[in-house]
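The values are calculated or read from the model by the stated rules, or taken from the named source; none is laboratory data. Note that the structure is predicted; figures quoted are calculated from it, not measured. We place every Cβ from the backbone using ideal geometry, glycine too, and count neighbours over all the protein chains shown. To get the accessible areas, we keep the full protein, side chains included, count just its heavy atoms, and leave off ligands, DNA and RNA. Shrake-Rupley method; radii C 1.70, N 1.55, O 1.52, S 1.80 Å.
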Amino acid sequence: QKPKSVKNANVSQTSSAAASTDSITVNASKIGVVIGPKGATMKALEEATGCKLDINAPSKDDSSKVKKPQNATIVITGGDAEGIAKVKTAILDLSNKGYAKLLQSDNFGEFSTMVHPRYLSEIVGPGGKTIQAIQSALDVKLTIPSTDWKPNAPKVGKVKLCQVGIAGSKEHSKEAKAVIQSLVRWHHHEITHPGLIHEQVDVPQEFYHCVIGTRGSEIKHIRGNFNVEMFMPNEDSVTDSIIVVGKQSNVDRAITYIQTLIDRDTEQREKKYNDEFY
C-alpha cells in the first residue's frame, strides 16, 4: 500500500506544480515598465501575488535589427490561481496603461475626461513635457488614446471624442481633469506653463486673412518675434476670439501688432474704395 501512496502523492504534486505555472505575452517595448526602476515594480508584483516572474525578452541587438514590434514572454510560477490572475491583470495594465491598480493605495481610482482629438498633442506637449508635468505635479497617470483623426483630412460626420484616462487619488485626478480642460480651452495652465497668461482678441473674420498672412506668414512672425502662441478659433473652440498665450508683456506686444495689421488693412481698403469712387 505504501508505494501506491507515494506514487499518488508524486502525481498530485506534479499536477499542482503544472497548475501554478502560466505565462503572458506583452510588447517587448513595455518590459521596462513591468520591471520598473531597479526591478522595483516586478518585485512589488511578486510580493503582492506570491508569484515568481521570469521575463524572456529579445535582446536590444535583436530588437534593433527587426523593424516590426517584438513580443516578450513573462513566465509566472508559484502562487495560487487567484494570485496568477491578479498578476496577469496587473502586467496587462502596466503594458497598456503604464500603471497597475494592484500596486496602488486604497485611495486610488480610475477616472477620465473626453476631449476632441485635435487637443491630444497639446496634452502630451513637445517631447512629452506637458503630460510629464501634470503627472509629476499631481502624482497621477494619464493614458492618451490613439486616434486616426487628422487635422487636414476631409471632415465626414461628427468627430468622435477621445477618452483620456486619469488614474490617481480622487482629489488629484479632479485637479488633473481641470488642467486638461484648461489646456483644451486656453492652451495653458500654471502647472504645465508656469508664468504664462492668455488674452482673447476680438477680430472680425473679414480681417483673418491679414492676421494669418500669406501661408501663415504673419502668425509665424507673431509667434517668433513676440515669443507667444496664437490660436485661431475653430468649430470646437470655446470662444470666437483669437487666443494669445505667453508672458503678459509679450502678449501685450503681440496684441498691439495684431491691431496694427487690422488698422493697416482698413487703411488699404479705404484707400482702394476712395480711388475707385473718385
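Points to keep in mind about this one:
- Rel. contact order, % - alpha carbon contacts under 8 angstrom, at least six apart, the stretch 220-271: 29
- Toward the positive end of the charge dipole of the chain, with +1 on the Cβ of Lys and Arg and -1 on the Cβ of Asp and Glu, the farthest Cα among I91, V228, Y208 is that of I91.
- Table column - 3J(HN,Hα) (Hz), the stretch 115-125, Karplus curve with 6.51, -1.76, 1.60, x for Gly and Pro: 9, 5, x, 5, 9, 4, 5, 6, 5, 6, x
- Hz values of 3J(HN,Hα) by residue in the stretch 184-193 - Karplus curve (6.51, -1.76, 1.60), Gly and Pro given as x: 5, 7, 10, 6, 6, 7, 4, 5, 9, 9
- Legend: residue pairs K97/K174; K30/K141; K129/K150; K150/K220; K38/K174; K88/K170, Cα-Cα distance threshold 24 Å; pairs beyond threshold, K38/K174; K88/K170.
- Proximal charge balance of Q200 [Cβ under 14 Å; K/R count +1, D/E count -1]: -4
- Expected 222 nm ellipticity per residue - DSSP helices of 4 or more, -39500 (n - 2.57), all of the chain, to 500: -15000 deg cm²/dmol
- Solvent-accessible area of D252 with every protein chain in place, 1.4 Å probe, in Å² to the nearest 10: 70
- Candidates per trypsin sites (Lys or Arg not before Pro) in the stretch 83-161, loop by DSSP, up to 15 other Cβ within 10 Å: K155, K158, K160
- Distant-in-sequence amide H partners of G50 (H built 1.01 Å from N, under 5 Å): none
- Computed log10 I(q)/I(0) for the stretch 116-261 at 0.13, 0.16, 0.19 Å⁻¹: -0.66, -0.96, -1.21, from the Debye equation with unit scatterers placed on every C-alpha and solvent omitted.
- Applying the criteria of a DSSP loop state and at most 12 other Cβ atoms within 10 Å to the GluC sites (Glu not before Pro) of the stretch 162-222 yields E190.
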